[in-house]
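First up is the structure itself, then whatever we jot down about it.
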Amino acid sequence: MRGNRLRDARLRAHSHRLMRRLAPTLPLSVTALCDSLGALRGTPISLLEWELPADGPFGVLISREHEDVIAYQARTTKAHQAHIILHEVGHIVAYDLAGERPAQTQLRTCYSDRDERDAEIIASTIMHHAISMGRRARLYGLDTPWRHSVYNSLVLTDAST
């Protein structure tokens, strides 16, 4: 249990440092976050909205040699899609942190409990960061022109908008 808490704390600290380094604008666009993270890593992250089977995963990470692709469920809410994408981003960040990026194309749909926990810790830390940024912006009256979402400062935008 102590090991899990230490690991979780390390993942949160790494995620906070990463968000400061990426310096996202508000409202936090999941699409823009993936673009920035891809540029920082030197490996682009492509998003693919897909009608995945209802009895399967809501998101799928496809790691290819020069690109990571996140396929996410088309038949759900925008807020849920944003969470799905951030969860898959969590897997990418955790793999990079551990130096475990696959050398060849790999479709990832089944993970260990530890991998799932890591991805959720990272996703929730990013969401918390977005919420905190939004609260600070509202405190100083800087949020007026923004579109609000379920997470107050987290939106899923089309790359063309």
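The values are calculated or read from the model by the stated rules, or taken from the named source; none is laboratory data. As the structure is a computational prediction, the values presented were derived from the model and not from experiment. In this analysis, Cβ positions are derived from the backbone assuming ideal geometry, glycine residues included, and neighbour counts consider all displayed protein chains. With ligands, DNA and RNA removed, areas are computed over all heavy atoms of the protein, side chains included. Shrake-Rupley method; radii C 1.70, N 1.55, O 1.52, S 1.80 Å.
General remarks:
- Set the Cα radius of gyration of the stretch 10-78 against 2.2 N^0.38 Å, with N its number of residues, and you get 1.25.
- Cα-derived Rg over Rh, computed across the stretch 54-95 with Rh taken as Kirkwood radius: 0.98
- Accessible surface of Arg17, taken over heavy atoms with a 1.4 Å probe and every protein chain present, rounds to 130 Å².
- Charge-dipole axis of the stretch 7-128 as Lys and Arg at +1 and Asp and Glu at -1 on Cβ define it, positive-most pick from Leu33, Ala79, His66: Leu33
- Couplings for the stretch 6-18, taken from phi via the Karplus curve 6.51 cos²θ - 1.76 cosθ + 1.60 with θ = phi - 60°, read 5, 4, 4, 4, 5, 5, 4, 4, 4, 5, 5, 4, 4 Hz in order; Gly and Pro are left as x.
- Comparing the stretch 1-130 with the 2.2 N^0.38 Å rule of thumb, its C-alpha radius of gyration ratio is 1.00 (two decimals).
- Share of carbon and sulfur in the accessible heavy-atom surface of the stretch 1-46 [1.4 Å probe, %]: 53
- Local electrostatic count at Ala98 - Lys and Arg +1, Asp and Glu -1, tallied over other residues with Cβ under 12 Å: 0
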